[in-house]
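Remarks on the structure that follows.
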Amino acid sequence: MESESVILLGVPCTHLITDLNTCVDVNQKHNRCKHTIYDQQIDVNWDKRIADNPKIFNGTKFRLSSASFSGDTLTLNLGLTCYKDFLGTNWSENSKSLAQEGVRDFNDSQAYMADPLGVGTIVLTTDDKVIFLKRSEHCAEAPGLWDVPGGHPEPQEIVGKIPLDEIQFSDLSEENVVREIYDSILKEVVDEVNVPMTSLSQPNIIGVAQNLSAAKRPSAEFIISCSLTSSEVRDLYTKGTQEDAYESTSIQFVAKETVLNLTRDHEVWDTLAPSAKGCVMLYKLFNDR
């Protein structure tokens, strides 16, 4: 499969998208469709994954069904899914067949995919450097590649640690879900990089990218300014006390201008995780407009 990303939706640089002009429709109709045959393999696939990597764990996620931008408002249509279903659909050996049958049955290649919404961000230091983290070999996705800080918004932060099939959509208010999306990317930066929350600006969404190596798995990408220099960030990172320190093994800082001029021919490009490529592509597009 291609280890690249594509842009699903880009936000013009003339618009700043924050939690104040982001809307969500959280509804069961945005859940993935069940497949009578391939769904039987999800548990089998999960058991194998656990055996290969005991550090991974299941958890509920928001499923992105679609995204649109109109006027000054970004709208995200969200259902619910889980990490196990993601590995059993988007990351399954049957993902190409699932996509083909989605087109056949619903005119939608993603109909049978879990498509959990990820979040990632360009973090820009005061000396105009962009933060990249080298993913640990323990990571289920893109181990050993350089990535931007990121992760997932978590329904459990709103409703608690309850099973997917016990979550009531009525308990997921639009306000709380939007807040969780924006809070989640700030928390990921704090947990992964070990910088204080007070050093980070309000996140701005610059668009949504799809990871082709994970059957078009979507991720909302942000820009965050950090009030620290790259040297100060490095010092904090190397203390290794952050919650998600195990997810990365090292940090590097790339000049903003270098990032904005990255192409597929650049030697750095092939060292990036697909999710980082999507974030960089949106960052370039945002600055080009």
key: Which of ALA220, ALA209, ILE122, positive extreme of dipole for the chain (C-beta unit charges)   = ALA209
note = Taking a ≥ b ≥ c as the square roots of the eigenvalues of the Cα gyration tensor, with a/c under 1.5 meaning rounded and otherwise prolate when a/b exceeds b/c and oblate if not, the stretch 1-160 is oblate
request  = Could you pull out the chymotrypsin sites (Phe, Trp or Tyr not before Pro) across the stretch 1-77 that fall in loop regions by DSSP (anything but H, G, I, E, B) with no more than 13 other Cβ atoms inside 10 Å?
outcome  = PHE57
message = Among the listed pairs LYS239/LYS277; LYS129/LYS284; LYS61/LYS187; LYS84/LYS161; LYS48/LYS216; LYS29/LYS96, which have their C-alpha atoms separated by more than 21 angstrom in this model?
response = LYS239/LYS277; LYS48/LYS216; LYS29/LYS96
request  = Considering only DSSP beta bridges where both residues belong to the chain, give the percentage that are antiparallel (nearest 5).
outcome  = 75 percent
note = Kirkwood Rh over alpha-carbon pairs of the stretch 5-288 plugged into Stokes-Einstein at 4 °C, 1.567 mPa s gives a D in µm²/s of 67 µm²/s
task = For ASP127 and ASP270, compute 0.36 nm times the residue count separating them, minus their Cα-Cα distance, and round to one decimal in nm.
result = 49.0 nm
query = Just how far, in whole angstrom, is the stretch 2-30 from the stretch 163-209 if you go by their alpha carbon centroids?
reply = 14 Å
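Suppose only helical runs count, i.e. DSSP H with n ≥ 4. What mean residue ellipticity at 222 nm does that imply for the chain under -39500 (n - 2.57) per run, divided by all residues and rounded to the nearest 500 deg cm²/dmol?
-8500 deg cm²/dmol
Since every read-out is calculated from the coordinates, none of them should be taken as a lab result. Because the structure is predicted, anything quoted here is derived from the model rather than measured. Quick reminder, even Gly has a Cβ in these numbers, built from the backbone with ideal geometry, and neighbours come from all protein chains shown.
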